[in-house]
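Okay, structure first, notes after.
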Amino acid sequence: MNKRWAYSMLLCLLVCRRGAAEFAFENVRNLARDLMAQPFMTASNELIQPLLKLNYEEYRAIQFNHNKALWHGQGLPFELEFFLPGDGHKQVVALHEIDGNEVRDIVFDAKFFNLGTNGLVLPANLGYAGFRILQPVAGFVEVAVFLDASYFRMIGLGQNYGTSGRGLALNTVGDETEEFPVFQQFWIRRPRQNEHEITVYALMDSRSIVGAFRFIIRPGMATVAVVKAALFPRREVKEFGVAPLTSMFLSGKNGHPPFSDFRPEVHDADGLLIQNGRGEWIWRPLEAGKMTRVNSYRDEHPKGFGLMQRERDFERYQDLVAGYQRRPSVWVRPVGDWGEGSIELVQLASDQEFFDNIVAFWRPTAPPPVGQALDVAYELHWTTNSPATMELGYVRATRIGRTAGKPSHLRFVIEFGGAEVESVPNKENLAANIEYGAGAEPVTHDLFKNEFNQTWRLVIEIVEPRQALDLGACLKKSGRPITEKWNYTWQP
């Protein structure tokens with residue numbers, strides 16, 4: 001056990017004896033506050049070095065014995081299984097079980113694993129890299145995974161893992177190197193029979209921020225996690241991202257797939273959806289690019305944002321293994337008043353399917369001062385449904401090309417769907433409200449009814465700009481907006 005672990009666990013023993021009889025969020029909050037006053041110590045564990053040399057296939061050969069899951073066979077609604085460090089999983093975490101008024105360590109046991117063909121001898125005190133939560137119904141149904149840094153993923157019934165959540169984003173697009181805080185300890189409350197939720201507490205540490213987290217996870221067709229966090233800065237942070245989501249976009253409707261790829265689309269999410277403090281819905285399609293792109297949406301009292309996977313048709317992916325059509329959208333709904341700030345969208349250049357190149361988060365205008373806590377709460381919805389109202393029209397597709405015979409002209413084709421939009425028979429009372437950014441040279445625009453699927457297509461033609469240009473558009477019926485606002489930044 002390294003010094004960082006030993007110190008924080010000693011603090012845990014002291015803090016847990018201070019308060020109420022039953023372990024609660026305040027115990028972790030007090031632990032984080034005390035840890036903030038101590039210098040940051042980098043984690044190190046020489047025991048995991050042989051495991052880190054395993055390649056992807058060798059690590060995948062290691063299997064956890066389902067019969068050794070925590071709470072297995074006890075008639076409880078959840079079970080826990082554990083991960084070994086190895087391959088890209090470079091950390092070891094401390095795990096604890098809360099059982100009524102008692103808190104006890106979840107002790108590592110090498111016999112819980114089938115190592116396959118790997119000729120390894122696991123040390124008795126190795127430790128786990130993370131854990132997964134399962135429901136023992138119809139076999140084993142996964143609910144959530146906490147593994148690596150402060151990453152976690154959840155799914156609802158019938159979904160595949162896709163977009164990830166994180167505890168915090170630090171210096172994601174700034175001049176400084178991005179910092180990745182780490183969940184170093186977890187406390188998982190033993191569920192009671194017939195309970196429909198499970199509670200996980202986590203202690204996060206990094207050079208700049210210490211944090212306490214509580215996740216109340218409610219699985220179902222859509223899995224909802226109610227998150228409460230207290231964040232304590234050790235030092236000033238320039239870029240401070242709350243409720244960060246991380247995803248992958250390689251190709252979609254607005255860009256051709258690589259020539260070597262037979263699949264029309266490859267992505268875990270295809271757009272950023274925002275409901276701002278004014279109640280306006282904004283859709284920003286994701287894109288593949290050759291440079292880092294950052295968009296910032298200023299707001300006050302945001303109602304929600306998320307990375308959405310809108311395309312649910314297998315024919316658009318043609319991938320029998322990845323199952324992108326079953327990957328969830330993740331929606332962040334603030335609890336309480338988040339004040340002033342901005343929703344940041346970061347898109348990194350990538351040509352790798354297994355590299356997360358999309359990040360979205362809330363950036364407060366005023367991060368907490370050093371030594372003071374920022375308390376924040378929100379819900380995370382892992383769903384295949386849209387959080388927007390059913391009446392509101394939405395963007396089904398964004399396609400971009402050049403005008404035939406005029407290569408200097410760009411053509412944006414935006415397809416709007418939804419019940420009210422599709423019920424409009426003609427253009428008599430329908431109009432496009434288009435916002436052209438500074439420096440735009442509009443050529444023309446028009447609306448077309450798509451008789452094949454009843455959607456409406458808005459075609460915007462402009463002269464290709466020599467610098468970044470923002471565009472926005474929505475459809476109005478008799479002067480009233482009936483669709484979300486499409487937003488796009490053209491980057492030469």
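The set of residues from region 325-352 being in a strand (DSSP E or B) and among the hydrophobic types (A, V, I, L, M, F, W, C) comprises V330, W331, V332, V335, I343, L345, V346.
Taking L11, is it within 22 Å of F131 (Cα to Cα) and either surrounded by 14 or more Cβ atoms within 10 Å (Cβ to Cβ) or modelled with pLDDT of 85 or more (or both)? The answer is no for L11.
Filter region 79-97 down to residues that are of a type in the set (V, I, T) and under 15 Å from I133 (Cβ atoms), then give me how many there are.
As a first pass, look at region 79-97 and keep what is of a type in the set (V, I, T): 92-93.
Subset that is under 15 Å from I133 (Cβ atoms): 93.
The qualifying residues number 1.
Results for (1) more than 21 Å from E280 (Cβ to Cβ); (2) among the acidic types (D, E), shown as yes or no for each residue.
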position: G401; (1), (2): yes, no
position: E420; (1), (2): no, yes
position: E435; (1), (2): no, yes
position: P442; (1), (2): yes, no
position: I462; (1), (2): yes, no
position: K477; (1), (2): no, no
position: P481; (1), (2): no, no
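Quick check: is even one residue across region 209-216 open to solvent by less than 10 Å² (accessible area, probe 1.4 Å), in a strand (DSSP E or B) and closer than 17 Å to P328 by Cα? Within region 209-216 (the criterion being open to solvent by less than 10 Å² (accessible area, probe 1.4 Å), in a strand (DSSP E or B) and closer than 17 Å to P328 by Cα), the answer is no, since none of the residues qualifies.
When only residues in region 277-305 that are in contact with a Gly (Cβ under 8 Å, 6 or more places away or on another chain) and among the acidic types (D, E) count, which is surrounded by the fewest Cβ atoms within 10 Å (Cβ to Cβ)? The residue in question is E300. Restricting the first member to region 361-384 and to residues that are open to solvent by less than 30 Å² (accessible area, probe 1.4 Å), and the second to residues that are basic (K, R) and outside any loop (DSSP other than H, G, I, E, B), the beta-carbon pairs closer than 7 Å and six or more apart or on different chains are A377/K228; Y378/R333. Here is the figure for region 407-443: residues that are closer than 20 Å to N254 by Cβ, part of a strand (DSSP E or B) and in contact with a strand residue (DSSP E or B) (Cβ under 8 Å, 6 or more places away or on another chain) total 16. If the condition is being of a type in the set (G, A, S), buried (at least 22 other Cβ atoms within 10 Å of the Cβ) and either over 20 Å from the mean Cα position of the chain (by Cα) or in a loop (DSSP other than H, G, I, E, B) (or both), then region 166-197 contributes only G167.
Taking the options A202, A243, name whichever one is on the phi > 0 side of the Ramachandran plot and modelled with pLDDT of 95 or more.
Exactly one residue qualifies, and that residue is A243.
Yes or no: A222 of a type in the set (A, V, I, L, M, F, W, C), touching a residue at least 24 places away in the same chain (Cβ under 8 Å) and open to solvent by 10 Å² or more (accessible area, probe 1.4 Å)? Against the criterion (of a type in the set (A, V, I, L, M, F, W, C), touching a residue at least 24 places away in the same chain (Cβ under 8 Å) and open to solvent by 10 Å² or more (accessible area, probe 1.4 Å)), A222 qualifies.
Based on what the data block shows, is F108 part of a loop (DSSP other than H, G, I, E, B), closer than 29 Å to T42 by Cα and either free of Cβ contacts under 8 Å to residues at least 60 places away in the same chain or more than 26 Å from the chain's Cα centre (by Cα) (or both)?
Details: part of a loop (DSSP other than H, G, I, E, B): yes; closer than 29 Å to T42 by Cα: yes; either free of Cβ contacts under 8 Å to residues at least 60 places away in the same chain or more than 26 Å from the chain's Cα centre (by Cα) (or both): yes.
Answer is yes for this residue.
Of the set (1) without any contact (Cβ under 8 Å) to a residue 24 or more places away in the chain; (2) open to solvent by 80 Å² or more (accessible area, probe 1.4 Å), all apply to G401 but (2). If only residues of region 80-91 that are modelled with pLDDT of 95 or more and either touching a Leu at 6+ places or on another chain (Cβ under 6 Å) or assigned to a loop (DSSP other than H, G, I, E, B) (or both) are counted, the one that is nearest to L52 (Cα to Cα) is F83.
Determine if region 137-149 includes at least one residue that is out of contact with any Cys (no Cβ under 9 Å at 6 or more places or on another chain) and more than 26 Å from Q74 (Cα to Cα). Give the derivation first.
Filtering region 137-149 for residues out of contact with any Cys (no Cβ under 9 Å at 6 or more places or on another chain) gives 137-149.
Among the residues that remain, those that are also more than 26 Å from Q74 (Cα to Cα) are: 148-149.
Scanning region 137-149, I find at least one residue that is out of contact with any Cys (no Cβ under 9 Å at 6 or more places or on another chain) and more than 26 Å from Q74 (Cα to Cα), so the answer is yes.
Give the number of residues within region 30-69 that are outside any helix (DSSP H, G or I), in contact (Cβ under 8 Å) with a residue 12 or more places away in the chain and among the small types (G, A, S).
First, pick out the residues of region 30-69 that are outside any helix (DSSP H, G or I): 37-45, 53-55, 61-65, 69.
With in contact (Cβ under 8 Å) with a residue 12 or more places away in the chain added as a condition, the list becomes 38, 40-45, 54-55, 61-65, 69.
If we keep only those that are among the small types (G, A, S) as well, we get 43-44, 61, 69.
Number of matching residues: 4.
The values are calculated or read from the model by the stated rules, or taken from the named source; none is laboratory data. These figures come from a predicted structure and were not determined experimentally. Here the Cβ is made from the backbone with ideal geometry for all residues, glycine too, and neighbour counts use every protein chain on show. What goes into the accessible areas is simple: the full protein's heavy atoms, side chains included, and nothing from ligands, DNA or RNA. Shrake-Rupley method; radii C 1.70, N 1.55, O 1.52, S 1.80 Å.
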